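The values are calculated or read from the model by the stated rules, or taken from the named source; none is laboratory data. In this text the structure is predicted, and so the values were computed from the model without any measurement. In this analysis, Cβ positions are derived from the backbone assuming ideal geometry, glycine residues included, and neighbour counts consider all displayed protein chains. Note: accessible area is taken over every heavy atom of the protein model, side chains too, but ligands, DNA and RNA are not part of it. Shrake-Rupley method; radii C 1.70, N 1.55, O 1.52, S 1.80 Å.
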Amino acid sequence: MAYQRVAIVGAGITKFVRRAQETGKELAFQAAKMALDSCGLTMKDIECVSLGTAPDAFDGVHMKGEYLADGSGGWRKPYMRHFVGGGTGVFAPIHGWFHVASGMFDTCLVVCSEKMSSCHPHPQGAFKTIFDHTTEQPLNPTLIWIFALEMNRYMQTYGITKEEIALVSVKNKKNAMDHPSAQLPMEITVEDVLNSEVLAWPVNRLDISPASDGAAAIVLASEHVAKRITDKPVWIDGVGWNLDTAYWATRDLAYPRYVEKAARMAYEMAGIKEPQKEIEIAEPYDPFDYKELHHMEGLLLADRGKAVEMLLDGKTQRDGDRPMCPSGGALGVGNPIAATGLMKVIEIFLQLRGEAGKRQVPGNPRCGLAQAWGDLMQVGTVVVLRR
Amino acid sequence: MGLTERTNRNVDLTYWEGEIPVNYVYTYGLGLEAFFRALKEQGKFLASRCEDCGVTYLPARVFCERCLGKLETTFAVPGTGKVYAYTVVHRNVDESPKEEPVVLALVDMDGTDCRFVHYLTGVEPGEVKVGMAVKPVLKAKKDRKGGIEDIVGFAPA
Ligand SMILES: [Zn+2]
């Protein structure tokens, strides 16, 4: 395919918090400014802007793309919002990639901002209408139903226990202790997870990520421009995305085939033949602890039902063979939906540049991956990054 | 801390309260209208099938999502099925505790390629097994209004 090679050259993330005093557009501004400053650019250098943000109902602002435009640097620029629910944050670099890879632009500022705390009494309420209004809403569903049913099916299919899955939460919340943006860094035990309140069996409170406010941003540049901006560009070598049926109840809940299809698309583009060997570090989307394992399998980073063995063997620890969510993930850093996915992309960017500070994994990895998941639990978004 | 933690904290921050003042009227759509009429009036479960894709849809739909073929005929399936996955729900949408935990399941519907999400009735949470056979429990005909709640839930077959 004939397209420009695209690099990430700068990045910024706000703190992820329970409730920010800043508006969503002020959060967007903070992240965008940090990203520009990190690579010494100004808005004069930015040719177009891509914004990612999740449901309008969180902020209670209809047409949130327009609302967030000023904080995102959209003033008098080619500006476009994209949205695939929870998958938005990793769709963000893909959306920005289109702009630059196409040859239309040489630089693109990609911003993701989310303010979930505006929504009262809780953002859960905003999820009501993602369920079918005729066949599901009368049963008063909550989002946790879906996860509880999927986690049950995943455990049942492969004989995985709650104790084993809880180790993901323990690992990620501990990793987050070294992340300056983290909302929920903590040292906990498997017992703490199992003893936390049951929301919908098998899901306990400490199995899940929090609602958060926060923003993240990256700067993309074409190859010839990137090399003038930085001597450490990180290349977007593969992009993939895929959508399964909206009839979530009917999907294979033990295995996310749509994630596999997204991953295969990105691997083919990046020339990756053996993902378990070639992807050295990854940030699979972890809004719930079992999802890290579930997604590792969909991403072909573990055989089906075997991700838990890598976890138990310590391979997915930050100092293990195949670090997963070294940032602390959604479970530890927090989950301001669209910003979470981009935070994961930024973690791989920093790790590949050797700039992750206390979170730096050993072994000088050259190739990593970030993934997010969303819409009605049906979309997989994947980017493969290389230095 | 958790996804459902209440947010009414940090009230020292300056804030406004607001709403989007609308509500909605949803139609059943062509496929579901036929399904719920049959359920209400005859206690039947209407499905439709795409022969090209070999997929049977329940409730009946008017198009196949895989090939966008039109689905023009419907037929009844038994309404029985098997538990594919289940959960025991302890909290309401507003996070208040439920008086009794509610068992909710995905049911693989016999003779179709679809699942229903619905309550399990007549079974204790500890007795539910993935794979167990279940049958629908319908409200009495006079109480059926043409909605998903015409099905009380699914009970062990
Ligand atoms: Zn078809």
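A:His95 exposes around 10 Å² of accessible area when a 1.4 Å probe is run over every protein chain in place.
Take every DSSP beta bridge whose two residues both sit in the protein assembly as shown; close to 80 percent of them are antiparallel. When the dipole is taken about the Cα centre of the protein assembly as shown, and only Lys, Arg (+1) and Asp, Glu (-1) are charged at their Cβ, what size is it in debye, to the nearest 20? It comes to approximately 620 debye. Mind giving me the FRET efficiency for A:Arg5 and A:Asp321? R0 is 22 Å, r the Cβ-Cβ distance, nearest 0.05 is fine. Calculated value: 0.15.
Ranked by solvent-accessible area (1.4 Å probe, protein heavy atoms only, all chains present), the residues B:Lys145, A:Lys77 order from largest to smallest as B:Lys145, A:Lys77.
Please report the relative contact order for the range A:123-246, taking Cα pairs under 8 Å with a sequence separation of at least 6, and give it as a percent rounded to a whole number. Normalised by residue count, the contact order of the range A:123-246 is 18 percent. DSSP bridge analysis restricted to the range B:29-156 gives an antiparallel fraction near 95%, rounded to the nearest 5. Here the peptides B:44-50, A:144-150, A:272-278 are ranked by packing, the mean other Cβ count within 10 Å, and the order with the highest first is A:144-150, B:44-50, A:272-278.
Peptide B:90-102 shows a mean partner chain C-beta count of 4 within 10 Å per residue C-beta. If you find the alpha carbon centre of the range A:1-43 and of the range B:42-113, how far apart are they in angstrom? Each part's Cα centre sits 43 Å from the other's.
Taking every C-alpha pair closer than 8 Å and separated by at least 6 residues, the mean separation divided by the residue count of chain A gives a relative contact order of 26 percent.
Couplings for the range A:244-256, taken from phi via the Karplus curve 6.51 cos²θ - 1.76 cosθ + 1.60 with θ = phi - 60°, read 8, 4, 6, 7, 4, 5, 8, 6, 6, 8, 7, 9, x Hz in order; Gly and Pro are left as x. Distance between the modelled labels on B:Glu99 and A:Lys33, one decimal in nanometres: 5.4 nm (7 Å Cα→Cβ projection).
Straight-distance candidates among the lysines for linking to A:Lys44, with alpha-carbon spacing under 17 Å and chain neighbours fewer than 8 residues away dropped: A:Lys33, A:Lys77.
Partner shielding of A:154-163 amounts to 1, given as the average count of beta-carbon atoms from other chains within 10 Å of each residue beta-carbon. Shown are A:Phe83, A:Phe288, whose ranking by accessible area with a 1.4 Å probe and every protein chain present, most to least, is A:Phe83, A:Phe288. Computed over chain B, relative contact order equals 19 percent, with contacts defined as Cα pairs under 8 Å that lie 6+ residues apart.
With 24 Å as the limit on Cα-Cα distance, the pairs of A:Lys261/A:Lys358; A:Lys15/A:Lys344; B:Lys70/B:Lys142 that go past it are A:Lys261/A:Lys358; B:Lys70/B:Lys142. The Cys residues in chain B with no partner Cys Cβ within less than 4.7 Å of their Cβ are B:Cys67, B:Cys114. Taken along the Cα-to-beta-carbon direction at a fixed 7 Å, the label points for B:Val152 and A:Thr42 span 7.3 nm. Shielding by partners for peptide A:131-143, expressed as the average number of C-beta atoms from other protein chains within 10 Å of each residue's C-beta, is 6.
Summed over the residues of chain A and divided among them, the accessible surface reaches 34 Å² per residue at a probe radius of 1.4 Å. Toward the positive end of the charge dipole of the range A:31-184, with +1 on the Cβ of Lys and Arg and -1 on the Cβ of Asp and Glu, the farthest Cα among A:Ser102, A:Ile165, A:Thr129 is that of A:Ile165.
In the neighborhood of A:Val6, defined by Cβ-to-Cβ distances under 10 Å, what is the net charge if each Lys or Arg adds +1 and each Asp or Glu adds -1? Here the charged neighbours net out to -2. As a fraction of the 1.4 Å probe accessible area of the range B:29-156, surface on carbon and sulfur atoms comes out at 51 percent.
Here's the list of lysines a cross-link from A:Lys128 could span, going by alpha-carbon distance under 23 Å and ignoring same-chain residues fewer than 8 apart: A:Lys64, A:Lys115, A:Lys291, B:Lys98, B:Lys145.
Here the range B:29-156 is treated with +1 on each Lys and Arg Cβ and -1 on each Asp and Glu Cβ, and its dipole about the Cα centre works out to around 380 debye. Chain A against chain B buries an accessible area of about 4400 Å², both chains summed, 1.4 Å probe radius.
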